[in-house]
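In what follows, a structure is listed as structure tokens, so that the remarks can point back to it.
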Amino acid sequence: MTPSVLFVCVHNAGRSQMAAGWLRHLAGDRVEVRSAGSLPGDQVNPAAVEAMAEVGIDISDQRPKVLTTDAVEASDVVITMGCGDACPIFPGKRYLDWHLEDPAGKGVDSVRPIRDDIEGRIRGLLAELGVSSPA
């Protein structure tokens, strides 16, 4: 069975998009990846796109999506990144809250450490899920 992970932050423009990009890159089709925001922005943060491109991951085609209860219900693991009480809670789901600096309004130099922190967390998540990473 393929595990499903949902990343949620407020605007679905930075942290959650980088996390989804890392997970897609490292897990391929061995994990179903979703991301959403409680108040989605108009576009993915350009500094996040640039920081991810520096490590060979293209998230430029992604668009912020609104968080739905269907997305939460369909996910095995829900990882929140500062969405607070806007995230619906369903029994039987695994919830993780990752405290990450918000990259909104920051340049790529400030986004790189956030990107790298997310990579480490994704690698740890893959280990917990028992999913090997070829990358």
Identify which of the listed values of mean projected area of the Cα convex hull in nm² was calculated from the structure shown: (i) 7.4; (ii) 16.0; (iii) 8.4. (i)
Carbon-plus-sulfur fraction of the accessible area of the chain, 1.4 Å probe, in percent? 50
Go ahead and set up a Gaussian network model of the chain, Cα springs under 10 Å, then flag whichever of 34, 115, 123 fluctuates most. 123
Taking the mean number of other Cβ atoms within 10 Å as a proxy for protection, how do you rank 59-66, 75-82 from highest to lowest? 75-82, 59-66
Evaluate the charge dipole of the stretch 36-127 about its Cα centre and quote only its size in Debye, nearest 20, assuming +1 on the Cβ of each Lys and Arg and -1 on the Cβ of each Asp and Glu. 180
For the chain: accessible area per residue (Å², 1.4 Å): 48
Taking the chain and counting helices only, DSSP H stretches of n ≥ 4 at -39,500 (n - 2.57) each over all residues, the nearest-500 ellipticity at 222 nm comes to -11500 deg cm²/dmol
Which one of 37, 22, 77 has its Cα pushed farthest toward the positive end of the charge dipole of the chain, where Lys and Arg give +1 and Asp and Glu give -1 at the Cβ? 77
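The values are calculated or read from the model by the stated rules, or taken from the named source; none is laboratory data. Predicted model only: the values in this text are computed from it and were never measured. Here the Cβ is made from the backbone with ideal geometry for all residues, glycine too, and neighbour counts use every protein chain on show. Keep in mind that these areas ignore ligands, DNA and RNA; they rest on the heavy atoms of the full protein, side chains included. Shrake-Rupley method; radii C 1.70, N 1.55, O 1.52, S 1.80 Å.
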